[in-house]
1. I'd like to check something: does region 207-216 contain any residue that is modelled with pLDDT of 95 or more, farther than 29 Å from D70 by Cβ and surrounded by fewer than 16 Cβ atoms within 10 Å (Cβ to Cβ)?
2. Working only within region 155-204, note down all residues that are within 15 Å of A242 (Cα to Cα) and among the aliphatic types (A, V, I, L, M).
3. Take the residues in region 189-198 that are of a type outside the set (A, V, I, L, M) and not in a strand (DSSP E or B), then tell me which one is surrounded by the fewest Cβ atoms within 10 Å (Cβ to Cβ).
4. Can you name every one of the strands (runs of 3 or more DSSP E) wholly within region 72-172 that holds 2 or more residues which are at pLDDT below 95?
5. Which of the residues that make up region 107-135 are more than 15 Å from S78 (Cα to Cα) and within 16 Å of the chain's Cα centre (by Cα)?
6. Count, please, the residues in region 166-182 that happen to be touching a Pro at 6+ places or on another chain (Cβ under 8 Å) and either aromatic (F, W, Y) or surrounded by 19 or more Cβ atoms within 10 Å (Cβ to Cβ) (or both).
7. Applying the selection to region 225-241, what residues are in contact with a Leu (Cβ under 6 Å, 6 or more places away or on another chain) and closer than 23 Å to T179 by Cα?
8. Which numbered condition trips up A37, out of (1) modelled with pLDDT under 95; (2) among the small types (G, A, S); (3) closer than 25 Å to P133 by Cα?
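The values are calculated or read from the model by the stated rules, or taken from the named source; none is laboratory data. This is a predicted model, so every value here is computed, not measured. Please note: Cβ atoms are built from the backbone with ideal geometry, for glycine as well, and neighbour counts cover all protein chains shown.
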Amino acid sequence: MFQTRVLMMLNLKTIVFSGLFSGALLAASVSFNTANAETIFKPKAVVELFTSQGCSSCPPADKVLGALVDEGDVLALSLPVDYWDYLGWPDTLGKAEHSERQRNYARGRKDRNVYTPQAVINGMVHVVGSRRPAIDSTISSMKSELGQETSLPVDINLVKGSTTLSIEVGSGDPVAEETTLWLIFYDSEHEVAIERGENRGETITYHNVVRSMRAIGMWKGDKMEVSLPLSEMSKNGQDNCAVILQSSSNGHPGRILGAARISGLASS
């Protein structure tokens, strides 16, 4: 019988996760710049997997995320947490910011559902991360609600120039909550040999591992453009970045309205 590892949430506090992250988007699309070798991708959904190297239930979910990455229809991100570190193996990729983001999702939903492996889809619905049919059906339901081949209603384009990356956000229905544009850097792949804990002796591959998230703009429903210098973006040496447009309420992350990503920055 499948089990998830559950973290009980007690004495919840409102902590804003500030240190991190009208055209309708068609089906997931990819564009290539062969001269500069970067790939720009517009997904039909965003899946965030909260996982841990110290959780024996997580490796199947990590494989599911890897399959989502390979298939390319969604922006699939791995956010390793740190709250199981005390069990004997400190997660080498885990971040307190990821744990807090997961808790803030639960606060926004007004529930205590914080566990690993947990997949959060478009910032709204959580399912057990290893249950691929549940992920697929959730995305399909969200697409059906919009009547489109995407579950993300706001179009985002990335345009790479010689010195800047321009992020073009389309217009859309204004939302009552605050809506933030987040810049996310992530690593394509990490292979980790785990020496202690529940997964002792296993070597696990983690995909699209989030390394940093930061706010780069606020969206009010109108078209907007944000330009970022490539020189600043390349300082950390990471090759991949994504942007997500996400609403929030009382400092808690909510629905993701749009997303795009670009890879090949370091080689371009």
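1. For region 207-216, residues modelled with pLDDT of 95 or more, farther than 29 Å from D70 by Cβ and surrounded by fewer than 16 Cβ atoms within 10 Å (Cβ to Cβ): present.
2. Matches in region 155-204: I156, L158, V159, L165, I167, V169, L181, L183, I184.
3. Ranking the candidates gives E195 first.
4. On the way: elements: 75-80, 114-116, 118-121, 125-128, 156-160, 164-169.
Of the strands (runs of 3 or more DSSP E) lying wholly inside region 72-172, those with at least 2 residues that are at pLDDT below 95 span 156-160, 164-169.
5. Result: M124, V125.
6. Looking only at that region, the number is 1.
7. L228, the sole residue that qualifies.
8. Tallying (1) modelled with pLDDT under 95; (2) among the small types (G, A, S); (3) closer than 25 Å to P133 by Cα, A37 fails exactly one: (3).
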